[in-house]
Amino acid sequence: MNREEIVERTIDVIRSAIAETGEDTDYVNSLDINEGTDIFKDLGMDSIQVMTIITDLEDIYDMEFADEDMDMDYLLIVGNLVDSVERGILKSA
């Protein structure tokens, strides 16, 4: 699995988490989410939603985030979240 696929799937998981709050599908699909997106500041998500995203990604990729990657400030940037997923995939391989 390459980085682009992980980025795409991570963004899908983030969109799903936003949709679960009852947001309109058109709104969710219109959000510009990329590797530089700040999940709190740009998307207005909270820490519980971020933890849901993390557990969903762990389930999808059958991996665990390393303890050193569980810094919430670090994980709030989509690209950093993807970096952590990549490291988790490598460790579980």
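The values are calculated or read from the model by the stated rules, or taken from the named source; none is laboratory data. For clarity, every value in this text was computed on a predicted model and none was experimentally measured. Cβ: placed from backbone, ideal geometry, glycine included. Neighbour counts: every protein chain shown.
Looking at the range 70-81, can you tell me whether even one residue there is among the hydroxyl-bearing types (Ser, Thr, Tyr), on the phi < 0 side of the Ramachandran plot and exposed (fewer than 15 other Cβ atoms within 10 Å of the Cβ)? Outline the logic, then answer.
So the first thing to find is which residues in the range 70-81 are among the hydroxyl-bearing types (Ser, Thr, Tyr), and the list is 74.
Next, from what is left, pick out any that are on the phi < 0 side of the Ramachandran plot: 74.
Remaining after also requiring exposed (fewer than 15 other Cβ atoms within 10 Å of the Cβ): 74.
Yes, the range 70-81 has at least one match.
From the set of residues in the range 38-53 that are of a type outside the set (A, V, I, L, M, F, W, C) and part of a helix (DSSP H, G or I), which is surrounded by the fewest Cβ atoms within 10 Å (Cβ to Cβ)?
The first filter runs over the range 38-53 and keeps only residues of a type outside the set (A, V, I, L, M, F, W, C), leaving 38, 41-42, 44, 46-47, 49, 52.
Next, from what is left, pick out any that are part of a helix (DSSP H, G or I): 47, 49, 52.
Numbers: 47: 12, 49: 18, 52: 16.
My answer is 47.
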Practice item. Would you check if there is a residue in the range 12-19 being under 16 Å from residue 82 (Cβ atoms), outside any loop (DSSP other than H, G, I, E, B), more than 12 Å from the chain's Cα centre (by Cα) and touching a residue at least 60 places away in the same chain (Cβ under 8 Å)? Key: no
Practice item. Please name all residue pairs, on different chains or six or more residues apart, with Cβ atoms under 6 Å, provided the first residue is in the range 55-83 and is modelled with pLDDT of 95 or more and the second residue is in a loop (DSSP other than H, G, I, E, B). Key: 58/64; 78/35; 78/37; 79/35
Study note, to complete from the structure: Pairing a residue in the range 24-51 that is within 13 Å of residue 11 (Cα to Cα) with any residue that is β-branched (Val, Ile, Thr) and assigned to a loop (DSSP other than H, G, I, E, B), where Cβ atoms lie under 8 Å and the two sit 6 or more apart in sequence or on different chains, gives 43/33; 43/37; 50/39
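If only one of 64, 23 is surrounded by fewer than 17 Cβ atoms within 10 Å (Cβ to Cβ) and in contact with an Asp or Glu (Cβ under 7 Å, 6 or more places away or on another chain), which one is it?
Working: 23 fails: in contact with an Asp or Glu (Cβ under 7 Å, 6 or more places away or on another chain).
Result of the check over 64, 23: 64.
Does residue 35 satisfy the criteria of being outside any helix (DSSP H, G or I) and within 27 Å of residue 93 (Cβ to Cβ)?
Numbers: outside any helix (DSSP H, G or I): yes; within 27 Å of residue 93 (Cβ to Cβ): yes.
Taking the combined requirement at face value, the residue satisfies it.
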